[in-house]
Amino acid sequence: MKAFYIFLILTIGTGTLYAQDSLSKTVKQPVAPWFVERFRLSAGFFVPVNNTNIQVGVTGGALGTDIDFERDLGFTSSQLTFQANFQWRISRRSRLNLNYYNIPRSSTYTLKKDITFNDKTYHVDASVNSFFNTAIYQFSYGYALVAKPKYEIGLLIGAHIIGGSAGIGLSGANANVSTSTNFGFTAPLPDLGIWGGYAISDRFAVTLDGDYLAVTVGDISGRIIAYNLQFLYKLMPQLDITLGYTGLNFRVDVEKPKVEGHFKWGYNGPALGATFSFGKRTWVH
């Protein structure tokens, strides 16, 4: 009888292992393009062509000058800056994205016309220092409506959190505390968009993200149009290089108790970076 029980246990165990092996062979893993990895960490350089208009005045009173920072304050139209991205593929179809851009800008310039910023007026021929610094964080969740072995297309929902500060002050011998003015804001702007990617070959691919929304949140109203087109090349396993074109275009209106500001600016230009991928995935390429 003891031998019978041993035989029965071995038979059931062998049958269970066989059934599990058969099931694993019949259940196919999802197939994704080669650039779809569990985690992707990217960093690189962004060379935007800038277009910045800012108007700051007293709330309920006269608005300041509509200042073109490139034309009126001598800002360069383009500059080299830094960007970073982290992507987590929760599943074959779902992803979370975090993007970061840091764009500090400054200039020293002799005015060609009178400029009023907030409640201060800076007169023609005055030498002024000015700055406009922007830090942009983008969070988004995307879901692939179409997920094929070579391409995918999906929708995204997220937000751009924009921290901006601008200021003007006299420079040189005329500079003093009373003749400098700053204005800062933090604007959370939700957005909706589309995204997709296509594997051209085993090493080349192209991806595109685009989003837009106009919304009012408290004392801040804004509009955003953003896009990111990238060409990817697999240099080696887990390491890609990317060449793309990125656009970030904003309009933000801020009203505070004593001052209000109107900001309209755009950063559009080429980007070059590298991406490191890692993590165990539940799909195959």
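The values are calculated or read from the model by the stated rules, or taken from the named source; none is laboratory data. Keep in mind the model is a prediction, meaning the values are calculated, not measured. Don't worry about glycine lacking a Cβ; one is built from the backbone with ideal geometry, like all the others, and counts go over all protein chains shown. Remember, those area values only see protein heavy atoms, side chains included, never the ligands or the DNA or RNA. Shrake-Rupley method; radii C 1.70, N 1.55, O 1.52, S 1.80 Å.
Couple of notes before you dig in:
- Just one residue in the set A226, A214 is of a type outside the set (V, I, T) and over 27 Å from S91 (Cα atoms); that residue is A214.
- Yes/no for A199 being open to solvent by less than 20 Å² (accessible area, probe 1.4 Å), of a type in the set (G, A, S) and out of contact with any Phe, Trp or Tyr (no Cβ under 7 Å at 6 or more places or on another chain): no
- Any hit, segment 196-203, residues being at pLDDT 85 or above, β-branched (V, I, T) and farther than 19 Å from A84 by Cα: yes
- Some residue of segment 144-151 being under 30 Å from F82 (Cβ atoms), hydrophobic (A, V, I, L, M, F, W, C) and under 25 Å from the mean Cα position of the chain (by Cα): yes
- Residue list for segment 187-204, restricted to those being assigned to a loop (DSSP other than H, G, I, E, B), charged (D, E, K, R) and out of contact with any Lys or Arg (no Cβ under 7 Å at 6 or more places or on another chain): D202
- Here is the figure for segment 240-277: residues that are more than 26 Å from S221 (Cβ to Cβ) and open to solvent by 50 Å² or more (accessible area, probe 1.4 Å) total 6.
- Complete set of residues in segment 55-67 that are at pLDDT 90 or above and assigned to a strand (DSSP E or B): I67
- Any hit, segment 13-31, residues being under 24 Å from the mean Cα position of the chain (by Cα) and modelled with pLDDT of 90 or more: no
- Considering segment 73-186, the qualifying strands (runs of 3 or more DSSP E), each wholly inside and each with 1 or more residues that are under 30 Å from F231 (Cα atoms) and open to solvent by 20 Å² or more (accessible area, probe 1.4 Å), run over 81-89, 94-110, 127-147, 151-170.
- Residue in segment 118-134 that is of a type in the set (S, T, N, Q) and modelled with pLDDT under 90 present: yes
- Matching residues in segment 248-269 - criterion: being in contact (Cβ under 8 Å) with a residue 60 or more places away in the chain and within 20 Å of Y212 (Cα to Cα): L248, F250, V252, V254, H262, F263, K264, W265, G266, Y267, N268, G269
- Qualifying residue in segment 207-217 (condition: at pLDDT 95 or above, open to solvent by 30 Å² or more (accessible area, probe 1.4 Å) and in contact with a strand residue (DSSP E or B) (Cβ under 6 Å, 6 or more places away or on another chain)): yes
- Scan of segment 181-207 for residues that are among the small types (G, A, S) and without any contact (Cβ under 8 Å) to a residue 60 or more places away in the chain, ordered by number: G184, G193, G196, S201
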